[in-house]
Structure formats: C-alpha cells, structure tokens
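Here is the structure we will look at.
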Amino acid sequence: MFGANNQSINQYKKVSMETGVAAANPIELIVMLYDGAIVACYSALPYVQKNDYPNKSQFIFKAIRIIQAGLRMSLDKQVGGEIAESLDALYIYMTNQLIKANIENITEPIQEVIRLLTDLRGAWEEISKKESVVALLSPSRVANTNNFAYLEKV
C-alpha cells in the first residue's frame, strides 16, 4: 500500500527537481548544487556517529560527486581567473576533508565542509541578486541537466 505512494512521491520529487533545473539560471543552478551537497553532508553525520559505514559512505560520496562533477566542472578558469582557481582549490580541499571523514569515521571534517558550503552558497545568493557576475560560470556546463542526476536521491 505505501510502496506505490512512496514511488509517486519520489517521482514527484524527481519531476520537481528537473523542472527547477530547467527553469533556473546558471547562478540558481550553482545554489542548487550547494544545497544538494549540504544536504548530503548533513545526511552523513548521524551515520558517522552510529558507525554505519555503508550509509555514511553513500552520503559522503554523494557530496563529493556534487562538489567534483557539479561545482568544479562548472568553473571556467579561463574566464573566472583567480577567483575560479581559488574556488577550484577550495573544492579539492573539501573533497579531501570528506575523504578524511569517511576513512577516519569522524564528523569534524564534514562539519567544516558544511560551513564552507553554506558560506559559499550565501555568497552565490548575493551574487544572484546582482545578475552582473556570471563570468565565473560556463553556462553550458552548469546548464547540463545530466550534472544534476545525483541530486535526485538526496
């Protein structure tokens, strides 16, 4: 009885997410990626505390995929210059922190990544209000909805 209803809810979430991606501008897409990575990190925390390695790893690697395949791949270092290079280095650092958290089964690196992602998300929200700073992004890379497939199951 509940299985069909749960399937319907999951399908609705998928369609809702796809609609949001299709209607969003490049900066809104970046904010969506930050949201997905933040949710994945928060989702990993209780599993770290419970020593539930499969679920912990699932959410940590989901966050890593979003950071690497979504956020890093959307950077255009030629256009974005030093800022894009700095963001790239920060994304690599976050990935390394998440790997450390997964290997050592500790929450502190995840919490640090959550703080960094939250701060960056806030900055991008401020940028979205100005609409004049899209040079850091490669819209064709960000707008590729295939980059958002890993957000569906958060």
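The values are calculated or read from the model by the stated rules, or taken from the named source; none is laboratory data. These numbers were taken from a predicted model, which means no experiment stands behind them. Because the Cβ atoms are built from the backbone with ideal geometry, glycine has one as well, and the counts that use them run over all protein chains shown. For accessibility, only protein heavy atoms count, side chains too; no ligands or nucleic acids. Shrake-Rupley method; radii C 1.70, N 1.55, O 1.52, S 1.80 Å.
In this structure, residue 57 does satisfy being out of contact with any Pro (no Cβ under 7 Å at 6 or more places or on another chain), of a type outside the set (Asp, Glu) and either in a loop (DSSP other than H, G, I, E, B) or over 30 Å from residue 126 (Cβ atoms) (or both). Within segment 17-36, the set of residues being of a type in the set (A, V, I, L, M, F, W, C), open to solvent by less than 60 Å² (accessible area, probe 1.4 Å) and at pLDDT below 70 comprises 17, 21. Within segment 84-107, residues that are free of Cβ contacts under 8 Å to residues at least 12 places away in the same chain sit with their Cβ atoms under 7 Å from residues that are part of a helix (DSSP H, G or I) and open to solvent by 50 Å² or more (accessible area, probe 1.4 Å), at 6+ positions apart or across chains, in these pairs: 85/77. Scan segment 84-105 for residues that are among the hydrophobic types (A, V, I, L, M, F, W, C) and exposed (fewer than 14 other Cβ atoms within 10 Å of the Cβ) and the total you get is 3.
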